[in-house]
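Q: Here's a structure for you.
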Amino acid sequence: MSNLPQQQLTRALLACGMLAGPLFLLAVIVQDYTRPGFDPRVHPLSMLSLGELGWIQITNFVATGLLNVAFAVGLRRALHPGPGGTWGPLLIGTYGIGLVGAGVFVSDPAWGYPPGAPQGLPEDPSWHYVLHGTAFIVVMGGLIAACFVFARRFAAQGARGWAAYCAATGAALPMLYALAAALSDRGEDPQPLSLLLRAMAFLGWGWASVLAVRLRSTHGSARKDAHAGASA
């Protein structure tokens, strides 16, 4: 019984990972179709951080990042020192920190948004635009590497379906990014860039939340088995 509060805390931290992806994506979808002058077919989701209502997306980035940092702490508590118990939490934590950075350092006005902004990419990018791009690299790097760490963990456990899901997600994310760069002419054409970056968010953020569901349910099962053994 003495371990019960610790188990409950771990499960609560894992639940943060479950909530992070859906909350982020729901907030983006609502803003996509309610923000005046914003067109999700043309404007990347990061541009929701601009304008009078930009604080909503900034908060969304930061809150999602902090939820994933909490998820990383839960992963450490649940998995260490087992397979993936060191690098898995570190990489998910990196992903979360990158999201916080993407919220703190906003993009520059471009492609006519906010209304009145020049068309096309910024000619003289600001320092926060550059740091926003760096934060995106941190997010994707942490997420992609985490996919393969957990693919290895699930493969070692004999969970082939989960291992394949993790590996496929880790392979698909950089492919989507390369495709976005190629089809958008390195960002000159915003439509494929916007749509494919959204696809990356749905795929990657969704994977992290599904992972949290899986690990939280497994952690709960392990706790119940331990209690059953103690009772016997």
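The values are calculated or read from the model by the stated rules, or taken from the named source; none is laboratory data. Just so we're clear, the structure is a prediction, and the values are computed from it rather than from any experiment. We place every Cβ from the backbone using ideal geometry, glycine too, and count neighbours over all the protein chains shown. The area values use the complete protein model at the heavy-atom level, side chains included, leaving out ligands, DNA and RNA. Shrake-Rupley method; radii C 1.70, N 1.55, O 1.52, S 1.80 Å.
Q: Test LEU179 against the criterion of being of a type in the set (A, V, I, L, M), open to solvent by 30 Å² or more (accessible area, probe 1.4 Å) and over 19 Å from the mean Cα position of the chain (by Cα), and give yes or no.
A: In short, yes.
Q: Of the residues in the stretch 114-171, how many are in contact (Cβ under 8 Å) with a residue 12 or more places away in the chain and among the charged types (D, E, K, R)?
A: Within the stretch 114-171, residues that are in contact (Cβ under 8 Å) with a residue 12 or more places away in the chain and among the charged types (D, E, K, R) number 2.
Q: Still on this model: Could you count how many residues in the stretch 146-170 are part of a helix (DSSP H, G or I) and either open to solvent by 40 Å² or more (accessible area, probe 1.4 Å) or of a type in the set (D, E, K, R) (or both)?
A: So the answer is 11.
Q: For a quick check of your reading of the model, give me the residue pairs whose first member lies in the stretch 85-104 and is free of Cβ contacts under 8 Å to residues at least 24 places away in the same chain, whose second is among the basic types (Lys, Arg), with beta-carbon atoms closer than 6 Å and at least 6 apart or on different chains.
A: Going by the 6 Å Cβ cut-off, the qualifying pairs are PRO89/ARG76.
Q: Being open to solvent by less than 40 Å² (accessible area, probe 1.4 Å), polar (S, T, N, Q) and outside any helix (DSSP H, G or I) is the requirement here; does SER46 meet it?
A: When the stated conditions are applied, SER46 does not pass them.
Q: While we're on this one: Return the residues of the stretch 135-159 that are out of contact with any Cys (no Cβ under 7 Å at 6 or more places or on another chain) and more than 23 Å from LEU99 (Cα to Cα); say none if nothing qualifies.
A: Result: ARG152, ARG153, ALA155, ALA156, GLN157, GLY158, ALA159.
Q: Determine, yes or no, whether LEU79 is open to solvent by less than 30 Å² (accessible area, probe 1.4 Å) and either touching an Asp or Glu at 6+ places or on another chain (Cβ under 8 Å) or without any contact (Cβ under 8 Å) to a residue 24 or more places away in the chain (or both).
A: Details: open to solvent by less than 30 Å² (accessible area, probe 1.4 Å): yes; either touching an Asp or Glu at 6+ places or on another chain (Cβ under 8 Å) or without any contact (Cβ under 8 Å) to a residue 24 or more places away in the chain (or both): no.
Criteria not met by LEU79.
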